[in-house]
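Data block below; observations after.
The values are calculated or read from the model by the stated rules, or taken from the named source; none is laboratory data. Since we're looking at a predicted model, the values are computed, not measured. Every residue, glycine as well, gets a Cβ built from its backbone with ideal geometry; the counts of neighbours run over all protein chains shown. In case anyone asks, the SASA skips ligands and DNA or RNA and just uses the protein heavy atoms, side chains included. Shrake-Rupley method; radii C 1.70, N 1.55, O 1.52, S 1.80 Å.
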Amino acid sequence: MCHQTVSLVARHLEAHGIATVILGSARDIVEQCGVPRFVFTDFPLGNPCGKPYDADMQRAVVGYGLDLLETARAPRTTGQTPFVWSADQSWRDEYMRIDAAP
């Protein structure tokens, strides 16, 4: 889902008394929208909770979100998970790359 849309929905929910935490990987967009609580994962877009089929990592990321919900004391609080997508950072250049190859 679009990071900006989720951020704006979170702001609406917060304005009506429902606490939210955004888990995402587009830090610039989410922070610009000014959400109350945000857990940033430095992963490819579409994978904010971790690698597919890595249930332990996914639980840990969700745990960071729940912890932030409980501990954030100021608006616009951003936390960052300690996980890396891979030791080789070449995924940044290759992820969603469009070229003429089939």
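When you go through (1) in contact with a strand residue (DSSP E or B) (Cβ under 7 Å, 6 or more places away or on another chain); (2) open to solvent by less than 60 Å² (accessible area, probe 1.4 Å) one by one for residue 27, which number turns out not to apply?
(2)
Kindly establish whether residue 72 is of a type in the set (Gly, Ala, Ser) and open to solvent by 80 Å² or more (accessible area, probe 1.4 Å).
Taking the combined requirement at face value, the residue does not satisfy it.
Any idea which residue in the stretch 79-89 is modelled with the lowest pLDDT, counting only those that are open to solvent by 50 Å² or more (accessible area, probe 1.4 Å) and polar (S, T, N, Q)?
The qualifying residue modelled with the lowest pLDDT is 89.
Looking only at the stretch 33-50, which residues are loosely packed, with under 15 Cβ neighbours inside 10 Å and in contact (Cβ under 8 Å) with a residue 24 or more places away in the chain?
34, 42, 45
Taking the condition of being free of Cβ contacts under 8 Å to residues at least 40 places away in the same chain and under 18 Å from the mean Cα position of the chain (by Cα), how many residues in the stretch 76-102 meet it?
Matching residues across the stretch 76-102 total 3.
Which pairs do you get when a residue that is over 16 Å from residue 58 (Cβ atoms) and in contact (Cβ under 8 Å) with a residue 12 or more places away in the chain, found in the stretch 13-26, comes within reach of a residue that is assigned to a loop (DSSP other than H, G, I, E, B) and open to solvent by 60 Å² or more (accessible area, probe 1.4 Å), reach meaning Cβ atoms under 7 angstrom, with the pair 6+ apart or on two chains?
Short answer, once both residue conditions are applied: 26/45.
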